[in-house]
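Below is one structure, written out as structure tokens; the observations come after it.
Nothing in this text is a laboratory measurement; each read-out follows from the coordinates by a stated rule. The structure displayed is predicted, hence computed values, not measured ones. All Cβ positions, even for glycine, are placed from backbone atoms using ideal geometry, and neighbour counts span all protein chains on display.
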Amino acid sequence: MDRTVRIVTATAVALAFAAGAAGGAMAAVPAGGASTDGVWRTDGYGTVLSLDDGVLREYQTTSVSCLEGGTARQSGPHTYTADGIVFTLRPGPDGGNATLSADSSVGHRNLRRVPALPDECTRPAPKDPRTAFDVFWQSFEENYPFFAAKGVDWHAVREQYRPKVHRDTTRQELFALFSDMVRPLHDAHVAVQDGERVFAQVRPGTEVPTEELDAKVKKYITARDLKDAPYRRDFANGRITYADLRHGGQGYLRISGFDGYTAEPASYATQLAVLDRALDTVLTPERTRRLTGLIIDLRVNGGGSDALALRIAERLTDTPYIAYAKRARNDPADPARHTRPEPVPVRPAAAPRYTGPVAVLTGGSTVSAGETFTQALMDRPGRTIRIGQPTQGVFSDVMQRGLPNGMAAWLPNEEYLTRTGRTFDGTGIPPHLSEPVFTKEEFAKKRDSAFDRAVNILRGH
């Protein structure tokens, strides 16, 4: 797979609710209690769920289409498992509403009963190139929140490109055309997929957080910043590093992602257990008492599970607070209308916690859940300072939308809000203190300006 898609898949596989991003969906009827058999529509997300006798069928809808997604079966009371992710569907007291959640994500999706499947869901969709174009364009038209912020007139895009699509347009030509349509968005959570062929990109001037970059930076940091560390250890399949720094009583915590914590694909529950063991090893009662500062390095972080990110935030506070609020587009005809913002709390962990000063290192290769974690620390009680460069600027869970011809589009539809209602989509979260991050000059002169600035700040210099 093209290496640029790593940004998309890292989030989408972990965070897909009803999108069926990993080829599956959730199942449906709880054991006991109110029956959830019937048809449900999500508030936002363009999804209809059909539940019958413990089997769920997922339908991805727009005003011009309905395509069947994955299916799954009930795996326990109120819970349904697909691709290692446990989903919970809880009916409301009147049976007309329900909520859907996933253990790997944060927040909930609201469902409401509808009388029947839309008519489009009961007949096969044409597979010709123009139908594929219409579904592609409409999926963005009804769900993408950032056209105005990106300065893209999506209706003008349709006028420019639809006349170029004909009955004999090849898949390769259609893939190239779709890629050209979304290229001006410069959105790392947008992709076009046709089998192994993927178009995706990052914000100009930033670098994809590939495994190669991760390995290069890890080696550099180990040799330069941690060479005299009296204690250093890797955890979670190498995606987490902790070190006690020699001078000043400071600690260093490097996190390159919020998934991939095992050598083989594993459930969210397994990855959570791996993370908890790492945190228990690092944040011992003795260490949390003696640390005078903690550097959290997110400069190469490809994202993953928001829930795993919040698990770390819970070890950094003694006081509950709100990390952010999530909302999604929920009116296909009006991009200004959204679901009600849902506050996402950070609750102190029932384990040793570090509550002292924190310096967070970020850059353009801080992506997705790496950014939501950064945002979750903005209102953290206690001193928290950001050093480096702005993050990538993509926060939403990723929707995977199948097209009638078997191709797929990936796109965001959510906003993560600060307590003042601000989002950082597109621009990324800015640092308090700007320093170069892994530039050619930094490597050539064996410098790590952001790390050195953090050490000095935490020492009180």
Whole-Hz Karplus couplings 3J(HN,Hα) for region 414-423, θ = phi - 60° and coefficients 6.51, -1.76, 1.60, Gly and Pro as x, run 10, 10, 9, 9, 6, 5, 9, x, 8, 10
Check: C-alpha center region 299-358 vs C-alpha center region 183-203, spacing in Å is 26 Å
In nm, the gap between the two label points placed 7 Å beyond Cα toward Cβ at THR418 and ASP452 is 3.0 nm
Taking the chain, the lysine pairs whose C-alpha atoms sit under 30 Å apart (8 or more places apart or on different chains) add up to 19
Given all pairs of distinct Cα atoms, region 287-386 yields a Kirkwood Rh in Å of 14.6 Å
With x for Gly and Pro, the residue-by-residue ³J(HN,Hα) of region 162-170, computed from phi through the Karplus equation 6.51 cos²θ - 1.76 cosθ + 1.60 at θ = phi - 60° and given in whole Hz, is 5, x, 7, 9, 10, 4, 9, 4, 7
Counting only residues 5 or more apart in sequence or on a different chain, those whose built amide H sits under 5 Å from that of ILE296 are LEU253, ALA359, VAL360, LEU361
Extension length gain for THR292 and ASP128 (0.36 nm per residue less Cα distance), in nm, is 52.7 nm
Calc'd 3J(HN,Hα), region 245-252, phi into Karplus 6.51 cos²θ - 1.76 cosθ + 1.60 (θ = phi - 60°), Hz, glycine/Pro = x, comes to 7, 5, 10, x, x, 9, x, 10
Non-local residues with an amide H under 5 Å from the amide H of THR81, with H modelled 1.01 Å from N and Pro and chain starts lacking one, are ALA27, SER75, PHE87
To the nearest 20 debye, region 129-200 has a Cα-centred charge dipole, built from +1 on Lys and Arg Cβ and -1 on Asp and Glu Cβ, of 140 debye
Rounded to whole angstrom, the alpha-carbon centroid of region 251-287 lies from that of region 374-431 at a distance of 22 Å
Long-range share for the chain, i.e. C-alpha pairs more than 38 Å apart as a percent of all pairs, stands at 25 percent
Put in order of increasing Cβ neighbours within 10 Å, starting from the fewest, ARG383, ARG311, ARG401 give ARG383, ARG311, ARG401
Once amide hydrogens are built 1.01 Å from N within the peptide plane, the residues lying 5 or more places from ARG383 or on another chain with amide H under 5 Å from its amide H are VAL358
